[in-house]
């Protein structure tokens, strides 16, 4: 690992093929996730390093708040590391053992997961393995749960897959097919089922054992017993995605997302949010919030016996440690409303009165001269009518009237001016 670029701070997980560290980028101080790959002889599920370098350019295009984007690869003589974006929280495999999500939370997580897979569909780059341990869940400072998908495309560089991948892998992949968006939908629905029930739909150490469990699995029946609080449209939607035949699943992620959104309550809208981040120097803590008891999940007398979501080999502390220990700092208290807002309201009112006066005052000014002119005309006409004239004066007045202009045009000109 190159010490001048990234520094590991704390080991947070030991995966099937890598040791996972929370680290920091020395130039910016932002937190990153560092996966230091094990040597091929140290693991039964190694990652092909040459294949990773070939996939890196296309994987770096995967950018979305619900996707932990690949930052860089650090190939050195001593070790090989994968650096990606870091979000504090815990993976879904640990989350479902501590907390029981409500139907609303489960729907929100499903919508977020579909939006992440939609990016892969649009870029023609399926994830390949959106199993529970590749989903990180955190409490968002803005409210609700936030989901982020990790390790996008890394399964393409692996020949031998770990047990958890086999449990949630689509049947067509077990038959030798290549990952598609439809196979991603199958695995994603299996992960959501695991989050809702804390059980794995199928288990086994071989493909035959896993497929035997899948063929006997009925998602709608089991969910109606283990999670009777889930509404039928959501249970049917999950069962649709978990169909063993890819032709009977949604034909695209967009179609699956549209049907899921139509089953939402009226008024629900998806509001994209930025992933929560961990500030430099923040102390790690447990994921916020207590989990309701899961005793009610198996209280029904006819409920199938739950299967543990973790393999027996994964119950050791070294293998179950993950990003759960890292959470974002608590949200800051809301700021008090400044007193300057009251002054601003007063100034705005005065400005409105000024604008009104600016338009009204010219109208008032125009009406005043018209009244004065009319009064002056009336006072000039009164002496001419009140003074009596004799015959000689009438003759003079007639001759004078023929020479001098009448006052009416003068009044009209005054009004025009």
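What follows is calculated from the coordinates using simple rules that are stated; it is not laboratory data. Fair warning: this is a prediction, and the values are worked out from it, not measured in the lab. Using ideal geometry, Cβ is built from the backbone for each residue, glycine included, and neighbour counts are taken over all protein chains shown.
Computed values, structure above
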| quantity | calculated |
| --- | --- |
| Under 18 Å from the residue 14 label point (7 Å along Cα→beta-carbon), backbone N, the stretch 27-52 | 34-47 |
| Debye equation applied to the C-alpha atoms of the stretch 1-148, log10 I(q)/I(0) at 0.09, 0.10, 0.21 Å⁻¹ | -0.30, -0.38, -1.50 |
| Protection proxy ranking, peptides 135-144, 348-357, 242-251, 113-122, average beta carbon neighbours within 10 Å, highest first | 113-122, 135-144, 242-251, 348-357 |
| For the stretch 188-260, average projected area of the Cα convex hull in nm² | 5.0 nm² |
| Two-decimal Rg to Rh for the stretch 138-196 - Kirkwood Rh, Cα set | 1.04 |
| Cα Rg over Rh - the stretch 90-166, Kirkwood | 0.99 |
